[in-house]
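Asks: Structure below; questions to follow.
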Amino acid sequence: MRLSRYFLPILRETPKEAEIVSHRLMLRAGMIRQEAAGIYAWLPLGLRVLNKVNAIVREEQNRSGAIELLMPTIQSADLWRESGRYDAYGKEMLRIQDRHEREMLFGPTNEEMVTEIFRGYVRSYKDLPLNLYHIQWKFRDEVRPRFGVMRSREFLMKDAYSFDLDQAGAVHSYNKMFVAYLRTFARMGLKAIPMRADTGPIGGNLSHEFIILASTGESEVFCHADYLNFDIPAENTDFDDIPGLQSTVDKWTSLYAATSEMHDAGAFEAVPGDKKMSARGIEVGHIFYFGTKYSEPMGAKVMGPDGQERPVHMGSYGIGPSRLIAAIIEASHDENGIIWPEAVAPFDVAILNLKAGDAGTDAACERLYRELSAAGRDVLYDDRDERPGGKFATADLIGVPWQVVIGPKGLAEGKVELKRRATGERETLSLDDVAARLV
Ligand code: ATP
Ligand code: MG
Ligand code: MG
Ligand code: MG
């Protein structure tokens, strides 16, 4: 992408309305724009990151055996009357009437709809286990939308729903998601700790929230510090290995970790003093097992091996990709801007042309731009006729992991500069060496 032809509306001023650093940086870097309270447009740079986050979420869901579909954002009130949640959900639900005065709603979650789909097709235990997920916009009319996309009203959610014949099967499905979540967040450079959690309006009895520690987090959390150094399950994890998965989950739940709703001060006392962490946290994911809470009232039943029909055991599993982006920035930035982990960076490399219009500099930049792009790297080429200071500031602000600085002085000696955003380290190399390093 040539910056001269891109749409990157950088803000010079720090927006006053933004209270936390991720919100400020997302606005300044031209990633998002507020269109109404808690409702954001994703500008091109923001959308690139969102797509990368979604790709990781999707890969790890698929790896664990979940299957993607896409359900609509608008749902019918009648569906929610079947589960009894239409009235119970309260003011967070955006209720809509269509032209025929039918009651509709903008989905805040999809348990009812996915249960309706399931019951329309699945009749036998032989078709289980099944886990269906989608990545779709949700709307919750939050009392206090704030912190940009951290707590917005319209937000993206990956929500998965598992169906099993019995509780033992459902626990295995739960464990699959638990492990998939550990991998998902780790791939984004985050240390997410699974914490015992309240099940809230969705109901049920087995539940963990995945929490990122951050001073700006809205939850109060208590946990054992050793979680920060636990090993993440490997890419080749066998998701069909029932005892193997269980032992991973057992390890990751062996030490104390709870949100304030579930906090047990007595149990926390047993954690050694130097390992006690009480901190603020951001909820980036949440998994539930809730048995037959929806399948029973909605009649989602299958025939068991004994010929008896019974309601399926279900779980639901959410991740907020839009909130995650804010959480990643909270965890990874400095005074100059965002520091993207490579896996979710909007661009892999920025090429900074220090003298646009100078034939030799232009040619060197163009060559590197072509080579890296051909190798499949996402490259942002700053080809604008601007002062070097502005280019450095932009590249730092938007947090591209690698910057290649190319100017006539260096080129006279056959050299360009390679800067690593995360550490600020700089190296002087030949153009060929830079290309070899970055492809
Ligand atoms: P919170 O406690 O922050 O209100 P929640 O418990 O209501 O979140 P869940 O119903 O568990 O949220 O939804 C699953 C995931 O969706 C959350 O873990 C979070 O990542 C994301 N999410 C929920 N509400 C919002 C929101 N208002 N803005 C952005 N992401 C959200
Ligand atoms: Mg909520
Ligand atoms: Mg919550
Ligand atoms: Mg939750």
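Asks: Taking the Cα-to-Cβ direction at residue 255 and at residue 215 and moving 7 Å from each Cα, how far apart do the two end points lie in nm?
Replies: For the pair residue 255/residue 215, the computed spacing is 2.3 nm.
Asks: Also: Looking at 379, 56, 72, which one has the Cα that reaches farthest to the positive end of the dipole of the chain (charges on Cβ: Lys, Arg +1; Asp, Glu -1)?
Replies: Comparing the listed Cα positions along the dipole, 379 ranks first.
Asks: Give the lysines whose C-alpha is closer than 23 Å to that of residue 52, dropping any in the same chain fewer than 8 places away, or say none.
Replies: 138, 158, 176, 191, 419
Asks: Separate question: What dipole magnitude, in Debye to the nearest 20, does the chain give about its Cα centre under +1 on Lys/Arg Cβ and -1 on Asp/Glu Cβ?
Replies: 980
Asks: Could you give the spread of the C-alpha atoms of the range 1-100 along their three principal axes, from largest to smallest, in whole angstroms?
Replies: Largest to smallest, the principal-axis extents are 53, 38, 29 Å.
Asks: Right, something else. In degrees from 0 to 90, rounded to the nearest 10, what is the angle of the helix 359-374 Cα long axis to the longest principal axis of the chain?
Replies: 20
Asks: What's the exposure ranking of 193, 20, 339, going from fewest to most Cβ atoms within 10 Å?
Replies: Least to most surrounded, the residues fall as 20, 339, 193.
Asks: With every atom except the alpha carbons ignored, what do you get for Rg and Dmax of the range 115-194, in angstroms?
Replies: Rg, Dmax (Cα atoms, Å): 16.2, 46.
Asks: Which ordering of 220, 209, 111 is given by a fewest-first count of other beta-carbon atoms within 10 Å?
Replies: 220, 111, 209
Asks: Ok, one more. Ratio to report: Rg/Rh of the range 140-241, with Cα atoms as the point set and Rh obtained by the Kirkwood method; give two decimals.
Replies: Checking Rg against Rh, the ratio lands at 0.97.
Asks: Angle check, please: helix 242-252 long axis (alpha carbons) against the longest principal axis of the chain (alpha carbons), in degrees 0 to 90, nearest 10.
Replies: Taking the Cα atoms of the chain, the angle to 242-252 is about 70 degrees.
Asks: Could you give me the ³J(HN,Hα) list for the range 429-439, computed from phi with Karplus coefficients 6.51, -1.76, 1.60 and θ = phi - 60°, whole Hz, x at Gly and Pro?
Replies: Values per residue, Gly and Pro as x: 9, 7, 4, 5, 5, 4, 4, 5, 5, 9, 6 Hz.
Asks: With 28 Å as the cut-off, how large is the P(r) tail for the chain, expressed as percent of Cα-Cα pairs?
Replies: In whole percent, the long-distance tail amounts to 56.
Asks: Given H placed 1.01 Å from N in the peptide plane, which residues other than close sequence neighbours of residue 285 have an amide H under 5 Å from its amide H?
Replies: 210
Asks: Run the numbers for residue 6 and residue 97: contour at 0.36 nm per residue of separation, minus the present Cα-Cα distance, in nm.
Replies: 28.8 nm
Throughout, read-outs are computed from the coordinates displayed, never taken from laboratory work. Note that the structure is a prediction, hence the values are computed from the model and not measured. No Cβ is skipped: glycine too gets one built from the backbone with ideal geometry, and neighbour counts run over all protein chains shown.
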